[in-house]
1. How about segment 262-290: which of its residues are open to solvent by less than 80 Å² (accessible area, probe 1.4 Å), within 20 Å of the chain's Cα centre (by Cα) and of a type outside the set (S, T, N, Q)?
2. Name the pairs: first residue in segment 65-83 and of a type in the set (Ser, Thr, Tyr), second residue part of a loop (DSSP other than H, G, I, E, B) and at pLDDT below 90, Cβ to Cβ under 7 Å, at least 6 apart or on different chains?
3. So, GLN259, is that one open to solvent by 50 Å² or more (accessible area, probe 1.4 Å), farther than 20 Å from LYS152 by Cβ and either without any contact (Cβ under 8 Å) to a residue 60 or more places away in the chain or among the acidic types (Asp, Glu) (or both) or not?
4. Please identify the pairs in which a residue from segment 282-305 that is over 20 Å from GLU230 (Cα atoms) has its Cβ atom under 7 Å from the Cβ atom of a residue that is crowded, with 16+ Cβ neighbours inside 10 Å, counting only partners at least 6 apart or on another chain.
5. Does ILE69 satisfy the criteria of being closer than 27 Å to ALA173 by Cβ and out of contact with any Leu (no Cβ under 6 Å at 6 or more places or on another chain)?
6. I need a count of the residues in segment 147-171 that are out of contact with any helix residue (DSSP H, G or I) (no Cβ under 9 Å at 6 or more places or on another chain) and at pLDDT below 80.
7. Of all strands (runs of 3 or more DSSP E) completely enclosed by segment 29-146, which ones contain at least 1 residues that are within 30 Å of ARG221 (Cβ to Cβ) and modelled with pLDDT under 90?
8. Check LYS298, LYS290, LYS304, LYS294 and return the single one that is at pLDDT 95 or above and within 18 Å of VAL247 (Cα to Cα).
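The values are calculated or read from the model by the stated rules, or taken from the named source; none is laboratory data. What you see is a predicted model, and the numbers here were worked out from it, not measured in a lab. Note that we place each Cβ from the backbone using ideal geometry, even for glycine, and neighbour counts take in every protein chain shown. All accessible areas refer to the heavy atoms of the entire protein, side chains included, with ligands and DNA or RNA removed. Shrake-Rupley method; radii C 1.70, N 1.55, O 1.52, S 1.80 Å.
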Amino acid sequence: MGKSKNKKVPEADITRAINPATDTLKIDLELAKAVDPVLIVIRGGIQGKKYSLKGGTKFIMGRDKVADIQLDDPNISRQHARIIRVGDSLFIEDLGSRNGTYVNDTPLDDIKKQLEKEDMIKLGSTILKYLPAGQLETLYHINLTNAAFMDKLTTLYNRKYISEVLEAEFKRAKALHSNLSLIMFDIDNFKSINDTYGHDCGDYVLTTLGSQIKSAGLRERDLAGRYGGEEFMVILTNSTSEQALEVAERIRKKIEDYQFTYDDQTIPVTISLGVSTISKDFNDSKDLYKSADKALYKSKKSGKNKVTLSKEE
């Protein structure tokens with residue numbers, strides 16, 4: 001019997017295995033409004049590209065040229081995963097791919113998972129975000145004049161919007177294994193300010209504090225919002241705890257140094273802050289919030305007008 005010759009497999013037919021050490025995770029999310037349910041590429045390929053999931057009962061995802069969602073990524077199998085419509089719901093399942101299919105950093109294995117708003121789907125080195133029909137992508141570059149997202153007094157983002165962003169950013173950070181830090185702070189002795197100088201003065205303090213936060217040197221992608229009453233939140237994407245501490249201290253010092261003057265009276269205003277950074281032990285955005293809030297409480301209990309870093313990272 002003659003020796004069999006090894007045939008060279010065409011490069012296009014080879015599914016390359018992922019090397020985690022060189023698997024870079026750089027993204028640049030874009031604002032996107034979805035009339036139909038869509039997948040938006042946030043890493044790999046053309047970032048911001050949208051794939052409509054309108055109509056049809058199934059959508060094959062893979063490197064195959066005839067795939068419904070064709071993804072040019074050598075880490076993706078030719079027929080990698082499938083999205084199935086059941087009634088008004090969409091489900092995703094892996095098709096025995098070499099590198100697996102992940103949703104929010106959890107492997108699908110043999111299960112079929114129902115897709116939910118802002119789920120992060122990872123196939124090979126490509127990551128797509130799922131948005132149901134009629135959803136507005138709640139990340140970055142939002143029109144600052146849109147009253148639906150703004151707090152009237154501070155002109156920072158309101159609680160509903162900032163909470164949605166925190167949830168979406170948490171999912172993104174978990175899927176991409178990237179850093180995410182949160183600063184929680186509130187105004188020291190705010191009740192005393194209202195009681196001593198009146199509620200109009202309290203409104204002045206909130207309005208002025210909002211403008212000071214905006215001028216505190218936050219990056220374009222960092223979002224600040226009023227979480228409720230005199231409590232505020234700053235979301236810092238791709239920021240380590242050390243970087244977040246620097247931002248928090250800069251904000252603290254800016255408020256301490258600013259002269260709040262109302263009706264020719266100088267109003268003493270300081271803030272206490274808590275900082276937390278995403279941890280592998282955190283399961284959802286509430287864990288990050290609770291960690292930062294606990295650190296804020298320690299700042300209040302230990303003298304106020306200070307920054308405390310959570311020890312839960």
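1. The answer is GLY274, VAL275, ILE278, PHE282, ASP284, ASP287, LEU288, TYR289.
2. Short answer, once both residue conditions are applied: SER77/THR15.
3. Criteria met by GLN259.
4. PHE282/LEU288; ASP284/PHE170; SER285/LEU166; SER285/GLU167; SER285/PHE170
5. yes
6. Of the residues in that region, 1 qualify.
7. In segment 29-146, 38-43, 50-52, 126-131 are the strands (runs of 3 or more DSSP E) which contain 1 or more residues that are within 30 Å of ARG221 (Cβ to Cβ) and modelled with pLDDT under 90.
8. Result: LYS304 is the single residue among LYS298, LYS290, LYS304, LYS294 that is at pLDDT 95 or above and within 18 Å of VAL247 (Cα to Cα).
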